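What follows is a single structure, written as structure tokens, with notes after it.
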Amino acid sequence: MPGGSEQRVTLRDVARAAGVSTATVTRSLQNHPRVEPATRQRVLEQVRRLGYSPNPIAQDLRYGRREAAVGLVTAGFTNFFQAGVASGAERELRRAGLQLIIGSTDDTPEREPDLARLMIDRRVSALLMMPDGRHRDFLAPEHTYGTPVVLVGRPAAGLAADVVMTDDDRAVQQATECLMDRGHRRIAALAGRLDSFRSVQRLDGYRAALAGRGLAEDPRLVIGDLTTAEQARHAVGRLLSAPAPPTAVLGLNLGISTGILIERLSGHRSFAFIGLDENDLTRGLGVSAVVRDPQEVGRQAARLAIDRIAEPERPPRTVTVPSTLIHRSTDGADAPTHVRET
């Protein structure tokens, strides 16, 4: 329906006109060997008749070739964890003869659909997504044109996609329980954006630990939407200056943990503290932390993509890379003396 003001033709429109499923349309555009020639011809006739050509995949119908590359959409390159995921994925893809193409949203979730489309326009063989936004509809098959999608660190939310997760909720629950084992009852939790799956997941672990011990959550001890280390530093400073301050603090991402650590060092304050993720500084200072292996997360995501490229019809899989509580204590206040193995 070119020209005019009518809505853009969709994959479903083509499928309806050709009398086939959307999956058959996708396979026809990919020149998939399982599609009968007559069926593929019927689909392509409807593609041309309806003017369905929003993507280069419909402009190269004779060949259906893709790049020997996999795309990765990430929030940014300054994030320690996401940089590690990219490194692990690149190494695994290189072994398989594939290149990694990276796009950054610069911590702007609204850019995710545009970057995903750019990757698909490049004809990548698969797409690794580390989405922060709530919406996943732009990753539905009618928008990806048969490009395999692997979600990294987020649930599929109804998509038929492969997923790599970390069980941060379990590890944060364990960290909170360990603090309670040491006698702490006023435990603060400082989190990132509250509309982020990661923050929700980690706070779920914190709340599960409190509920498991019959403790009511004090909403004054939960502070979210912290996006910088400086914000976290001021937040913990305010908490510690309150009439009923916390005796222990959980930092639920690396930036927040850094801000908490700066406040503790500069203010000469003593309080129990467990962070999430770590770097050379926090390790050197003996800070206890919930840690994940971003290289392994990236490797598993790449492996799922490679397997999906080889077997497009296989059922979606979810791989969980464990998060682990590491106990380090230089002053006896960082964490409980006993930690269960994860």
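Numbers at a glance
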{"quantity": "Single residue of the range 1-17 satisfying the filter (open to solvent by 100 Å² or more (accessible area, probe 1.4 Å) and closer than 21 Å to Pro141 by Cα) that is modelled with the lowest pLDDT", "calculated": "Gln7"}
{"quantity": "When residues of the range 283-298 are limited to those that are open to solvent by less than 10 Å² (accessible area, probe 1.4 Å) and more than 30 Å from Thr318 (Cβ to Cβ), the one modelled with the highest pLDDT", "calculated": "Val287"}
{"quantity": "Pairs where the first residue, in the range 149-160, is part of a loop (DSSP other than H, G, I, E, B) and modelled with pLDDT of 85 or more and the second is among the aliphatic types (A, V, I, L, M) and open to solvent by 20 Å² or more (accessible area, probe 1.4 Å), C-beta under 8 Å, 6+ apart", "calculated": "Gly153/Met165; Arg154/Met165; Pro155/Met165"}
{"quantity": "Complete set of residues in the range 166-183 that are over 20 Å from the mean Cα position of the chain (by Cα) and of a type in the set (Lys, Arg)", "calculated": "Arg182"}
{"quantity": "Failed criterion for Arg66 (all others in (1) of a type in the set (Lys, Arg); (2) surrounded by 14 or more Cβ atoms within 10 Å (Cβ to Cβ); (3) modelled with pLDDT of 75 or more hold)", "calculated": "(3)"}
{"quantity": "Condition check for Gln231: buried (at least 20 other Cβ atoms within 10 Å of the Cβ) and in a helix (DSSP H, G or I)", "calculated": "no"}
{"quantity": "Looking only at the range 95-147, and only at residues there that are of a type in the set (Val, Ile, Thr) and within 17 Å of Val163 (Cβ to Cβ), the one that is surrounded by the fewest Cβ atoms within 10 Å (Cβ to Cβ)", "calculated": "Thr144"}
{"quantity": "The range 225-252 residues that are farther than 14 Å from Ala272 by Cα, paired with ones that are among the hydroxyl-bearing types (Ser, Thr, Tyr) (beta carbon under 6 Å, 6 or more apart)", "calculated": "Ala229/Thr258"}
{"quantity": "Filter pass, Ser257 being small (Gly, Ala, Ser), open to solvent by less than 50 Å² (accessible area, probe 1.4 Å) and in contact with a strand residue (DSSP E or B) (Cβ under 9 Å, 6 or more places away or on another chain)", "calculated": "yes"}
{"quantity": "Where His32 falls short, out of the listed (1) modelled with pLDDT under 90; (2) assigned to a helix (DSSP H, G or I)", "calculated": "(2)"}
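The values are calculated or read from the model by the stated rules, or taken from the named source; none is laboratory data. Model, not experiment: these values are computed from the prediction. Glycine gets a Cβ as well: all are built from the backbone with ideal geometry, and neighbour counts include every protein chain shown. Surface areas here come from the heavy atoms of the whole protein model, side chains and all, with no ligands, DNA or RNA. Shrake-Rupley method; radii C 1.70, N 1.55, O 1.52, S 1.80 Å.
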